[in-house]
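See structure below.
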Amino acid sequence: MAGTALRGRLTWQNAKVAAVIRQTARAVTIVLDVPGWPGQRAGQHLDVRLTAEDGYRAERSYSIASAPGEPVAITVERLDDGEVSPYLTDELRAGDTLEVRGPIGGYFVWDPGKDRGPLLLVAGGSGIVPLRSILRHRERTGSTAPARLLYSSRSLAEVIYRDELDNDGAGVTVVYTLTRSQPPGWTGHAGRVDAALLAEVAWPVDGEPLAFVCGPTSFVETAAQDLVELGYQPGRVKTERFGATGGR
Amino acid sequence: MSPVSRGFHGRRRVPAQQAGRVPPGQYVTEDFPVLSAGPTPHTPTGNWTFSIRQGGSVRRSWDWLQMRALPAETVTADIHCVTRWSKLGTEWQAVSMDTLLDQVEHDARYVLAFCDGGYTTNLPLADVTGGRAWLAFGFDGQPLPAEHGGPARLLVPHLYFWKSAKWVRGLDLLDADQPGFWETYGYHRYGDPWREQRYAGD
Amino acid sequence: MDALDGNAIGGLLHEVFGTEMTAAAAMCAACGATRPVAECVVYLDAPGVVVRCRSCGSVLMVVIRGRDRNCVDLRGLAAIEAR
């Protein structure tokens, strides 16, 4: 099944927007109906292509927010000076057509059948999207792999999937760090993810943990380097960089 | 044919036909997109030199202060990127390439511009002389930002903007045309936007 | 203008090679470093897509998207092995 999802032609398809669900003030989840969709693996992404009336085109990649077996959906966070994201978060409606290509990716994927070890998920901003797919897949498959999520967000209001993450089942620990503002009475972490915070949250290396780090480029590079310095094997720190501001 | 995405406009742009002074296949933008093939170099002006080389030796070289002591001018130009955006009326502070090349006696017919970070681009000598090219160190009255090629870049507005090499550090004088970075990978050797010479073979 | 990584061109590479390539092992012809394509440095905002070695910065791969075709230059790769 996974093999057929990877091989063969990857072509642009006209998907129907089934629903647009607001997640935060700046983020929406777009549920898609893609004809012939082969199903996604946890951590994969898809490409979106927009065409204006004069033929002008813009293409972007977005991580899939849903788990294998669930309807394919992406979560998009609006970049104020973005060219594509404001269209997807503010204009797109159910019933619209969206040209997509996917699923894409064979590196930044988690497969409980093949991947072993405790899971460390490190998210910077919208980097949470593919990690949420991994967490949902973990729950849906009844995986017993212990999981920890370290999620860095500018503020609590900008945390995506908050209700879901706060209610996560046994075996998952979620740690937030809020970098720009904290609500009154906040007793959690504040400030950027650094070596000290990772040392506190990350699984000890003797359990052979597997880490997935996703978010803006500088966030990913710092966190991945810190994990390697903590002793994580470089081959067991998977990275996905979203660019300076986490998306376009 | 892709379906039109309802309500999608993209960045503000004016179709070439309406603009009138824009080459075929281009749209006008108000932005100034940053395109890079590698990390942005950050060369302090104290370390900067511009050299004209030939046959492996330096014929003439200027450091930053020497270059800034040369007569400079404000250049207003329309610029055209091969990725289809054009920006009209851009304003630069620059030294004419004639001022630099006039100080070297030679009979080379081509140049290869070389830059910090390893970028190169080739041009006929005729296209960097005769008032058609500059060494630009300022944009819109400010020092040229590193992301746009500072401390100094080549400015050759009559050709596609990949010829206006960012972070330029000099020119190699050549007898024969030699493809630079993008030309090696399939872009046109000359790059005239008015004849839409984007790719090799156009 | 931060660089991205090979994940960002997963779709393009699939189009070019006919198969998923982000997990493929890429060996730099200049320095010999080998890593998954997904971990290579990618510059997307250019007249072409430029993939560079994370260890030495050399160009591994360039993809130019022409009018009706993709042109791929792989001279910077000593080897690429897709599973």
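Figure legend: label point modelled 7 angstrom from the Cα of B:ASP31 along Cα→Cβ; residues of the range A:68-89 with amide N under 13 Å from it are A:79-87. Counting Cβ atoms of other protein chains within 10 Å of each Cβ in C:11-23 and taking the mean gives 6.
For the range B:96-144, the share of alpha carbon pairs falling in successive 10 Å distance bins from zero is 22, 49, 27, 3 percent.
Cα centroid distance between the range A:104-168 and the range B:79-115, in Å? That distance is 51 Å. Candidate cross-link partners of B:LYS87 among the aspartates and glutamates, defined by an alpha-carbon separation under 14 Å and a same-chain spacing of 8 or more, comprise B:GLU30, B:ASP31, B:ASP78, B:ASP140.
Between helix A:128-140 and chain A there is an angle of about 80 degrees, using the helix long axis and the longest principal axis of the Cα atoms. Each part gets one Cα centre, and for the range B:152-202 versus the range A:10-56 those centres are 38 Å apart.
Peptide A:43-51 shows a mean partner chain C-beta count of 4 within 10 Å per residue C-beta.
Here, P(r) means the percent of Cα pairs in each 10 Å bin from 0 to the largest distance; for chain C it is 20, 58, 21, 1.
Measuring r between the beta carbons of A:ASP111 and C:ALA79 and using R0 = 30 Å, the FRET efficiency lands at 0.70. With each label modelled as a point 7 angstrom along the Cα→C-beta vector, the A:LEU156-A:ALA170 pair spans 2.8 nm. Using only Cα coordinates, the Kirkwood hydrodynamic radius of the protein assembly as shown works out to 24.9 Å. Listed by chain and number, the aspartates and glutamates whose C-alpha is less than 18 Å from the C-alpha of A:LYS16, apart from same-chain residues fewer than 8 away, are A:ASP33, A:ASP47, A:GLU59, A:GLU70, A:ASP90, A:GLU91, A:ASP96, A:GLU99. If I take every Cα pair under 8 Å that is 6 or more residues apart in chain B, average their sequence separation and divide by the length, what percent do I get for the relative contact order? Rounded, it is 21 percent for chain B. Hey, with R₀ at 22 Å, roughly what FRET efficiency would A:GLU83 and B:ASP192 work out to, going by the Cβ-Cβ distance, to 0.05? Between A:GLU83 and B:ASP192 the formula returns 0.20.
Give me the percent relative contact order of chain C, please, defined on Cα pairs under 8 angstrom at least 6 residues apart.
Relative contact order comes out at 30 percent.
In this rough spin-label picture, where each label sits 7 Å from Cα along the Cβ direction, the B:VAL104-A:ASP206 distance is 6.5 nm. For chain A, the longest principal axis of the Cα atoms and the long axis of helix A:217-229 meet at an angle of about 30 degrees. For the peptides C:69-80, B:174-185, B:156-167, A:150-161, the ranking by packing is B:156-167, A:150-161, B:174-185, C:69-80, with the highest mean count of neighbouring Cβ atoms within 10 Å listed first.
The numbers here are math on the coordinates, done by the rules we state, and not lab data. Bear in mind the structure is a predicted one, so any value in this text is a computation, not a measurement. Virtual Cβ from ideal backbone geometry, glycine too; neighbours counted across all protein chains shown.
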